[in-house]
Amino acid sequence: MVVRTYEEEAAFIRQVSDVRYDVSPGFVPGMRVPGTFYVNAALKDLLFDELKQHVARGEHGGFLPAVKQLANVAALPGIVKRSIALPDVHSGYGFAIGNVAAFDMNDPEAVVSPGGVGFDINCGVRLIRTNLTLADVEPLKEQLAQSLFDHIPVGVGSQGIIPTSAKDLEAALEMGMDWSLREGYSWAEDKEHCEEYGRMLNADPSKVRATRRRRPGGAPARAPRAVRPARRALRERARAPQVSARAKKRGLPQMGTLGAGNHYAEIQVVEEVYDEPAARKMGIDTPGQVCVMIHSGSRGLGHQVATDALVEMEAAMARDGIATNDRQLACARIGSREGQNYLSAMACAANYAWVNRSSMTFLARQAFAKMFASTPDDLDMALVYDVSHNIAKVEEHVVDGRLMRLLVHRKGSTRAFPPHHPLIPVDYQLTGQPVLIGGTMGTCSYVLTGTETGFAETFGSTCHGAGRSRSRNNSRHKLEYTQVLDALKAKGIAIRVASPKLVMEEAPESYKARRAACTRSTAAPGCPPRGSAPGARRALARAAHRAPQDVTAVVDTCHAAGISKKAVKLRPIAVVKG
């Protein structure tokens, strides 16, 4: 292995503009395409300092810097154009959080990697508007926060209150928001304002995993002796459902629950409008207008789907001779049975996440209706949009002048399609897709819109938030929960949380300060997993919270690069957490 100095490493990185840097092939072995990352002057030192520390450590412990992970992804088979890192990028499991990569569906060598999606599959954010104002809500703020807390199950081990049987779960995994609509937990127009209309059609939870290939004579193809143990392991799983019994067992009681970590439900108000036509189309164009933001994902079911896939793909890599620069980049060829199994199971987990957020939307609407003695319709509690952060989807993009079908991995990043794109709602055809950049426990949030530049440069992707400056463990030791509660109260923010420990973990002080009016950064670090393949938890303990970005600088970078456009800023007045 070649050992280089920091100066030699940095020579592979070239500044292209004020907010864009390219990483040349050769930075890590086997790069098939260059890397690109977007940072402004306020953020660039974070990535370069991380690289400098990595060089100083050598190979003795620590985590891979995000720019190295970005380059390792650029070495995966079938990748096209470039490996992209958005301004909130920080180290994750395999892929960096904030990494976008697309793979050619027509290339038989192209791969799919669970590390490029994340463990909390379809961790995402939705925004619900109301016709209430701050003046309407302020006198009832504490009661409204308590009502939300009472209606939405929160915290580790929380169980849903919406009746769900095993048969219901199977239907929800297959149907996504169509199940919510059928059961009366969603409005018909909610589907129109959700990525993929709230349902991935390749989901089939009852289907068994693909069977083994056979030779023309009918006998199974015989593997070389060295890979026969891997083949035997795959045979044992051949008749298992694509969504394992363990995944379903974890997901069944958690439908309609918020969970813990950086997931939340917030009551917010419009603080500033940057793009009046876009804000008006979304129905959130009045300063002081009240909204509800919900951030959650696929809970234990999604974690288990990812864990199961990693185990299966490690065996497939041994069989097919696939080598990567980092063992955390476990992958399989898209067309292989393991690749297809994962994509189907991932789609089920994504559908579960949409149902989960839809169920909590139903509960939030009930809480508001009860508090204001009205109906959700009369309160105009319409869904503005629902975005996904951790997902892989088949999309069409132009690469080097040629239209291609690509499997786009977005990990800790958000789809941001431009005006006139056929996959965004009619309401937003003239403004572009809404992009929700959520905060956490007392931090500001943003609404952006997609652009043509972003569609051309980043496969229609932009940032999803910002990351930590202090680990959860450090927060528990450095902060007293009473201090955190007092600080939030002083800012006029009502807080309801299931565990005082989590108050400290997700305190604004655990995140890098913002500048100007937005004084604390967001907390959406790619939804790091609780369950993983062997070694993943230790890797994530080192990596998942090393993300000290300023969210306003992150959003400003995306705006300056033209990959998304600022529309609205929101600030919280009440927070519900696990």
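Look through the range 444-465, keep the residues that are in contact with a Phe, Trp or Tyr (Cβ under 7 Å, 6 or more places away or on another chain) and of a type outside the set (Phe, Trp, Tyr), and return whichever of them is farthest from PHE103 (Cα to Cα).
GLY450
Would you confirm whether any residue within the range 5-23 is modelled with pLDDT of 95 or more and under 26 Å from GLY321 (Cα atoms)?
no
Report yes if ALA102 is assigned to a strand (DSSP E or B), in contact (Cβ under 8 Å) with a residue 12 or more places away in the chain and either among the hydrophobic types (A, V, I, L, M, F, W, C) or surrounded by fewer than 24 Cβ atoms within 10 Å (Cβ to Cβ) (or both), otherwise no.
Criteria met by ALA102.
Confirm whether PHE372 is under 18 Å from LEU169 (Cα atoms) and of a type in the set (Phe, Trp, Tyr).
no
If ASP88 satisfies all but one of (1) at pLDDT 95 or above; (2) over 27 Å from ASP107 (Cα atoms); (3) open to solvent by less than 50 Å² (accessible area, probe 1.4 Å); (4) of a type in the set (Asp, Glu), what's the number of the condition it fails?
(1)
From the residues in the range 461-482 that are modelled with pLDDT under 65 and assigned to a helix (DSSP H, G or I), which one is surrounded by the fewest Cβ atoms within 10 Å (Cβ to Cβ)?
HIS477
Can you tell me which residue is least open to solvent (accessible area, probe 1.4 Å) among those in the range 269-318 that are among the acidic types (Asp, Glu) and assigned to a helix (DSSP H, G or I)?
Restricting to residues being among the acidic types (Asp, Glu) and assigned to a helix (DSSP H, G or I), the top hit is GLU312.
Cβ-Cβ below 9 Å, separation at least six or inter-chain, first residue in the range 483-505 and within 12 Å of ALA260 (Cα to Cα) and modelled with pLDDT under 75, second acidic (Asp, Glu) and open to solvent by less than 50 Å² (accessible area, probe 1.4 Å): which pairs?
Matching pairs, first to second residue: SER499/GLU505.
Are there helices (runs of 4 or more DSSP H) fully within the range 108-212 with at least 3 residues that are of a type in the set (A, V, I, L, M) and under 24 Å from the mean Cα position of the chain (by Cα)? List them.
166-175
Please go through the range 16-54 and pick out each residue that is among the hydrophobic types (A, V, I, L, M, F, W, C), over 21 Å from ALA466 (Cβ atoms) and open to solvent by 40 Å² or more (accessible area, probe 1.4 Å).
Passing the criteria: only VAL16.
Please tell me if ALA392 is aliphatic (A, V, I, L, M) and in a strand (DSSP E or B).
Criteria met by ALA392.
The values are calculated or read from the model by the stated rules, or taken from the named source; none is laboratory data. Source: prediction; values computed, not measured. Cβ atoms come from the backbone with ideal geometry, glycine included; neighbour counts cover every protein chain shown. What goes into the accessible areas is simple: the full protein's heavy atoms, side chains included, and nothing from ligands, DNA or RNA. Shrake-Rupley method; radii C 1.70, N 1.55, O 1.52, S 1.80 Å.
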